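The values are calculated or read from the model by the stated rules, or taken from the named source; none is laboratory data. In this text the structure is predicted, and so the values were computed from the model without any measurement. Quick reminder, even Gly has a Cβ in these numbers, built from the backbone with ideal geometry, and neighbours come from all protein chains shown. For the accessible areas, the whole protein counts, side chains as well, though only heavy atoms, and no ligand, DNA or RNA atoms are used. Shrake-Rupley method; radii C 1.70, N 1.55, O 1.52, S 1.80 Å.
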Amino acid sequence: MALLQISEPGETSLPHQRRLAVGIDLGTTNSLVAAVRSGSPEVLKDENNRPILPSVVVYEADGAVSVGDIHALSQPTRSIVSSVKRIMGRSLSDVRAIRLPFELQADDESMGMPFIPTVQGLQSPVEVSAEILKALRRTAERALADEIVGAVITVPAYFDDAQRQATKDAARLAGIHVFRLLNEPTAAALAYGLETGAEGTYVVFDLGGGTFDVSVLKLTQGVFEVVATGGDSQLGGDDFDRLLAQAWLSAHGLSPDKLEHAQWRALLGLARSSKEALLELDSDTKEISEVFELDAQTRLTLAVSRQGFASLTMELVERALTACRQTLQDARLSPSDVQGVVMVGGSSRLLNVRLAVGHLFGDCLKDTIDPDQVVALGAASQAHLLAGNALASDGWLLLDVLALSLGIETMGGLAERILPRNTPIPVARAQEFTTFKDGQTSIAIHVVQGERETVADCRSLARFELKGIPPMVAGAARIRITFQVDADGLLQVSALETRSGVSAQIEVRPSYGLTDDEIASMLEQAVAHSREDMQQRAVREALIDLEQLIEAISAALEQDGDLLSAQERQALDNEITQARKVCASQDREALVAASERLGGLADPFAERRMNRAVAQALTGQSIENL
């Protein structure tokens with residue numbers, strides 16, 4: 001009798017062809033990794049059984065790097081980086097105005113990319129993010145018991161081309177193949193739509209740690225169409241924490257500028273925990289009270305109530321609502337046209353935020369899926385499909401849009417839009433331009449992004465030059481500029497003079513991101529130093545073994561040194577002295593040999609101690625009792 005091949009609905013019936021893929025929510029405050037298992041997406045837990053990994057990277061002086069140690073935020077002696085997502089893909093001039101919990105430093109060769117000084121040298125935001133992604137990859141491969149073939153990584157809808165490219169660079173550095181970058185609101189809607197089978201017009205309200213995104217989506221028979229998107233790339237939970245911390249300092253006549261980075265980081269951590277504790281209160285007037293030790297002489301008593309917090313952060317909430325109204329206007333909709341508002345991001349749990357959103361849209365808030373996990377779950381579903389594990393006939397279609405307009409600079413410093421915001425992607429579109437002067441044989445093309453009319457108010461993405469145009473009178477040349485945006489939201493621009501066939505093109509990359517050579521160099525260094533790293537680990541392990549042996553024997557001598565003769569004691573003391581000297585070396589063989597000599601010399605002493613312990617235990621005992 002033939003056996004029936006069993007498979008999950010919508011999955012390939014050939015288990016050996018299944019490819020392990022994950023969805024990653026690389027967040028400002030926390031990060032998660034999820035995968036489809038047994039037909040449904042689930043967040044994967046790390047070795048400590050944590051589903052959520054704090055986006056905190058700690059650099060130690062001995063070369064070790066750890067990720068997720070939230071308690072490190074209050075330890076000023078270590079190199080700690082948190083909220084690095086806020087400076088991903090941005091230039092130093094872009095982030096100077098942001099009060100960050102770590103220092104920034106320029107590098108003349110980086111063309112504007114900020115670097116973070118640590119005990120292990122300067123680290124770029126891409127490298128820090130890569131450490132978080134490495135930890136998530138390890139969690140996934142441990143939970144799935146195999147290597148992953150790729151991932152869908154989510155980004156804020158308002159991330160521009162530079163920020164998206166920086167995210168892909170970090171993934172490559174972490175050894176992760178990126179199937180696709182997926183906008184966070186789209187991922188959330190995908191998870192929600194699959195979970196409930198909902199159809200209609202929905203708003204995704206995504207207030208994360210560092211960014212705010214709002215998207216209007218239409219869900220119809222498996223088609224997830226993003227109608228409009230908006231938000232504020234400088235609004236997030238970190239800003240709520242910052243306002244509370246500043247208010248506390250102001251109440252004591254202090255300014256944040258007077259605090260060291262470590263002090264400011266610790267105060268922000270206290271503000272965040274107080275903000276979260278407000279969720280548990282049953283009264284608007286009850287206070288959360290904390291004591292903050294600014295230094296050995298200064299202790300600050302800090303308090304906040306839900307009512308006070310709402311008043312303090314009213315302006316931030318209104319900024320989010322303004323973005324919601326503008327996005328609805330772009331979609332030509334009113335709040336009454338919305339069937340539900342999907343709440344995403346840890347900061348969307350705040351009571352004053354929920355009340356304000358409910359007041360704008362009515363009683364239609366949707367939170368059946370954990371706001372902290374919904375983005376990762378949606379990304380996992382998309383990764384499962386892109387890996388080829390789901391049948392195409394049972395798949396769904398994602399129609400995402402551009403968050404910001406793309407165009408070029410024209411005469412007078414004006415920005416000519418070629419791809420307006422909210423254009424569905426992937427997309428390709430061309431527009432013709434001409435020369436300004438007689439005999440012009442080249443044209444400089446400046447690619448910009450933004451909604452303003454002048455180039456000075458938009459973001460510069462790239463510059464390239466079209467050369468070799470035959471001399472013509474002004475206005476005779478026909479130069480076709482083509483913009484192509486892929487599903488990740490990444491841009492390619494080409495220019496063609498149609499009469500002569502002269503052409504040029506550029507793949508737009510941030511001037512302060514990592515080049516292919518830089519990423520390749522980093523990966524090569526990791527491989528090249530792998531043997532060295534293993535040797536250092538072996539030395540460190542041997543050193544720890546010897547130090548523990550010395551400590552144990554020294555303690556035993558204090559307690560039972562009388563078991564040795566003066567000559568034996570002197571020999572053991574001499575060997576301990578020699579072993580301590582060996583500890584200062586980096587010679588693994590010498591460390592191991594010292595451990596063996598010391599252990600061998602101490603063996604008779606250990607036997608006598610054991611005999612004494614047994615004798616003491618038997619003293620006064622009868623055979624019957626034993």
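The residues neighbouring Arg608, those whose beta-carbon lies less than 13 Å from its own, together hold a net charge of -2 under the Lys/Arg +1, Asp/Glu -1 convention. For Lys467, a cut-off of 16 angstrom between C-alpha atoms picks up these lysines, skipping any fewer than 8 places away in its own chain: Lys437.
For the chain, what is the accessible area per residue in Å², given a 1.4 Å probe and the full set of protein chains? Walk me through the intermediate numbers first.
On the way: 30080 Å² over 626 residues.
Here the residues of the chain average 48 Å² of exposed surface.
Helix 516-528 and the longest principal axis of the C-alpha atoms of the chain enclose an angle of approximately 20°.
Helix-derived [θ] at 222 nm for the chain: sum -39500 (n - 2.57) over DSSP H runs of at least 4, divide by residue count, nearest 500?
The helix-only estimate for the chain comes to -12000 deg cm²/dmol at 222 nm.
Among the GluC sites (Glu not before Pro) found in the range 547-626, those both in a DSSP coil and sparsely packed, with 10 or fewer other Cβ atoms within 10 Å of their Cβ, are Glu624. The angle between the Cα long axis of helix 161-173 and the longest principal axis of the Cα atoms of the chain comes to about 30 degrees, rounded to the nearest 10.
Note on mean projected area of the Cα convex hull in nm²: of the candidates (i) 38.8; (ii) 44.8; (iii) 34.8, the value calculated from this structure sits at (ii). Mind checking the angle between helix 588-618 and the chain's longest principal axis? C-alpha axes, 0 to 90 degrees, to the nearest 10. Value to nearest ten degrees: 50. Annotation: lysines with alpha-carbon distance below 17 angstrom to Lys366 (same-chain offsets under eight excluded): Lys218.
With K and R counted +1 and D and E -1, the other residues having a Cβ less than 13 Å from that of Ser129 yield a net charge of +4. In order along the range 258-271, phi translates into HN-Hα couplings of 7, 8, 5, 4, 5, 5, 5, 4, 5, 5, 4, x, 5, 5 Hz, rounded to whole numbers, per the Karplus curve 6.51 cos²θ - 1.76 cosθ + 1.60 with θ = phi - 60° and x for Gly and Pro. Annotation for the range 450-501: GluC sites (Glu not before Pro) lying in DSSP loop with at most 14 further Cβ atoms inside 10 Å of their Cβ are Glu451, Glu453. Measuring with a 1.4 angstrom probe and ignoring ligands and nucleic acids, His177 comes out at about 110 Å² accessible. Computed 3J(HN,Hα) for the range 286-292, one whole-Hz value per residue from the Karplus formula 6.51 cos²θ - 1.76 cosθ + 1.60 where θ = phi - 60°, is 5, 10, 8, 10, 9, 10, 10, glycine and proline marked x. Amide hydrogen proximity for Val56: with H placed 1.01 Å from N in the peptide plane, the residues at 5 or more positions away or on another chain lying under 5 Å are Gly68, Asp69. Heavy-atom accessible area for Arg480, with the other protein chains in place and a 1.4 Å probe, reaches approximately 90 Å². For the pair Gln548 and Val427 in one chain, pulling the backbone fully straight at 0.36 nm per residue adds 37.2 nm over the alpha carbon distance.
Put simply, the amide H of Leu182, placed in the peptide plane, has neighbours under 5 Å in Ile153, Thr154, Val155, leaving out anything fewer than 5 places away on its chain.
In this structure the amide hydrogen of Val342, modeled in the peptide plane, comes within under 5 Å of the amide hydrogens of Val203, Val204, Phe205, Lys366, none closer than 5 places in sequence on its chain. Working ranking of peptides 277-286, 138-147 by packing, defined as the average number of other Cβ atoms within 10 Å per residue, highest first, is 138-147, 277-286. Shown in residue order for the range 138-151 are the 3J(HN,Hα) couplings computed by the Karplus curve 6.51 cos²θ - 1.76 cosθ + 1.60 at θ = phi - 60°: 4, 4, 5, 5, 6, 5, 8, 6, 6, 6, 8, 9, x, 8 Hz (x for Gly and Pro). Looking at the chain alone, DSSP beta bridges between its own residues are antiparallel in about 80 percent of cases.
The portion of the accessible surface of the chain made up by carbon and sulfur, rounded to a whole percent, is 49 (1.4 Å probe; DNA, RNA and ligands excluded).
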